[in-house]
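The values are calculated or read from the model by the stated rules, or taken from the named source; none is laboratory data. A quick note: this is a predicted structure, and the numbers were derived from the prediction, not measured. FYI the Cβ positions are ideal-geometry reconstructions off the backbone, even for glycines, and counts take in every protein chain you see. We work out accessible area using only protein heavy atoms, side chains counted, and drop any ligands, DNA or RNA first. Shrake-Rupley method; radii C 1.70, N 1.55, O 1.52, S 1.80 Å.
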Amino acid sequence: MGRPLPQAATSARLLTSTAEYALRALAELALSEPGHALRTVDLAAKTGVPEAYLAKILRRLVSHGVLRGTKGHGGGFVLARPARRIRFADVLEAVDSMPLANRCAFGRPRCSAANPCPLHPVWSTLKDSFLDWARTTTLADIAAGR
């Protein structure tokens, strides 16, 4: 078993703020009544995300086919497909937050199993686990409490 992380390391983020905000908003939509549109202002209030920032995120999710948006009275946002068919990877890709496959955690321009940096083995394991989680977890898992 690994050693506990120092206090400073425990506050590090695995996801960008944009990715966290997108997942918060989608969790609210996944938990809401199916087909019931939620307005940006209501999603912002429920998730604690600044409304202007959330509006930009929601537009990106619409353009990537994760959400449908309607304007006017009774308008708002709904999931574009069933929650079981929206993977976290779809969301992260829509907001450009998937880890880059070839990015070296040590900052080297060339890093691979054949030419590893000091962090390559553990970083690769973490990245692979994260990608597996993102590809297998759906919005339906939120509603199911998993």
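Key figures
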read-out	value
Meets criteria (touching a residue at least 60 places away in the same chain (Cβ under 8 Å), under 26 Å from ARG39 (Cα atoms), touching a Leu at 6+ places or on another chain (Cβ under 7 Å) and open to solvent by less than 60 Å² (accessible area, probe 1.4 Å)) for ALA83	yes
Given (1) under 20 Å from ARG135 (Cα atoms); (2) modelled with pLDDT of 95 or more; (3) not charged (D, E, K, R), index of the condition LEU14 fails	(2)
Condition met for ALA44 (within 13 Å of the chain's Cα centre (by Cα) and not in a loop (DSSP other than H, G, I, E, B))	no
Residues located in region 129-146, provided they are in a helix (DSSP H, G or I) and either touching a Pro at 6+ places or on another chain (Cβ under 9 Å) or under 13 Å from ALA89 (Cα atoms) (or both)	SER129, PHE130, LEU131, ASP132, TRP133, ALA134, ARG135, THR136, LEU139, ALA140
Failed criterion for ALA134 (all others in (1) open to solvent by less than 30 Å² (accessible area, probe 1.4 Å); (2) touching a Ser or Thr at 6+ places or on another chain (Cβ under 9 Å); (3) hydrophobic (A, V, I, L, M, F, W, C) hold)	(2)
Those residues of region 116-131 which are more than 24 Å from ALA25 (Cβ to Cβ) and under 18 Å from the mean Cα position of the chain (by Cα), in sequence order	LEU126, LYS127, ASP128, SER129
Among (1) modelled with pLDDT of 95 or more; (2) open to solvent by less than 90 Å² (accessible area, probe 1.4 Å) - the single one GLU51 does not satisfy	(2)
